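Beneath this line is the structure, given in structure tokens, with notes to follow.
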Amino acid sequence: MLYLIGLGLGDAKDITVKGLEVVRRCSRVYLEAYTSVLTVGKEALEEFYGRNLILADREEVEQKADHILKDADVSDVAFLVVGDPFGATTHSDLILRATKLGIPYHVIHNASIMSAVGCCGLQLYKFGETVSIVFWTDTWRPESFFDRVKKNRQNGMHTLCLLDIKVKEQSLENLINGSEGRGRKIYEPPRYMTVNQAAQQLLEVVQNQRARGEEPAVSEDTLCVGLARVGAEDQKVAAGTLQQMCSVDLGGPLHSLIITGGSLHPLETEMLSLFPVPERQSGSQSAERLCT
């Protein structure tokens, strides 16, 4: 059987008891290593699980899934995913491949950023469609995601923004050289988008829309919430304007950003007042003032 096992959001101990029991009896255990990261490394997981883990990067999962599924019809194979197994469409594809090969599967769920964002006090049923914000380049600066933010805002819904992760990525130059057989693959250092970077790109979208004579659904004063390392012991949350999100320091990865839907329930307002942007970063306005 193929097992897809969620690891939760914190450290090695966030795996469920059921998940840990399965990991310890499987013949092979893969660790998906590109859609998210834990606050601890592979070695810490191996020590706690008592098992060696095989790192599975994007190329392995998307192009060489047969390696993962090999012999899963006659033995147990585990595929570990940070958060919940269905946090990325890639994992649905793995299930479809297994099904076509006649391999049974079982999913063991865990906490996901999609639900854990409720830690800031915003009510989950008031979230609209989730969007992804990717790193811009000099030649690629997509703004299409902003249409979904606008739709959510029009409906009074909050928007969870999942921020880009670049792990084991090749530069354009190396991709060209590699495809022409002139060199080995060289990967760029890992990069994780921060709340600051996402806010800066959002503000540029707002400015671009104004320059085109459009009325943006978001402004510099729109109330947002920045989150970092949700589920970890050093989790951080800060509520303030989009402009303030450009300078707030939430530390290391992973970060997420919420754009509020405008109208807040009184309980949401009171909860957000617990997470003001530090005065040295926020200028003259605090999150508490913004929420009231």
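The values are calculated or read from the model by the stated rules, or taken from the named source; none is laboratory data. Given the structure is predicted, the values throughout are model-derived calculations rather than measurements. So basically every Cβ, Gly included, is an ideal-geometry build from the backbone, and we count neighbours across all protein chains shown. Each accessible area value is taken on the protein alone, full model and side chains, heavy atoms only, with ligands, DNA and RNA left out. Shrake-Rupley method; radii C 1.70, N 1.55, O 1.52, S 1.80 Å.
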With Cβ to Cβ distances under 13 Å as the rule, what net charge do the other residues near residue 43 carry (K, R +1; D, E -1)?
-1
Per 0.36 nm of contour for each residue apart, how much would the distance between residue 21 and residue 151 grow if the chain were fully extended, relative to their Cα-Cα spacing?
42.4 nm
Of the listed values (1) 158; (2) 117; (3) 146, identify the label whose number matches volume of the Cα convex hull per residue in Å³ calculated from this model.
(1)
Given R₀ = 51 Å, what would the calculated FRET efficiency be for residue 67 paired with residue 247, taking r from the Cβ atoms and rounding to 0.05?
0.70
Say a paramagnetic label sat at a point 7 Å from the Cα of residue 47, along Cα to Cβ; which residues of the stretch 17-36 have their backbone N under 15 Å from it?
none
What's the carbon and sulfur percent of the chain's accessible surface, probe 1.4 angstrom, rounded to a whole number?
50
Just order 242-250, 125-133, 213-221 by mean Cβ neighbour count inside 10 Å, highest at the front, would you?
242-250, 125-133, 213-221
Solvent-accessible heavy-atom area per residue, rounded to whole Å², over the stretch 20-159 at 1.4 Å:
51
Most mobile listed residue (25, 141, 212) in the chain, GNM with C-alpha springs under 10 Å:
212
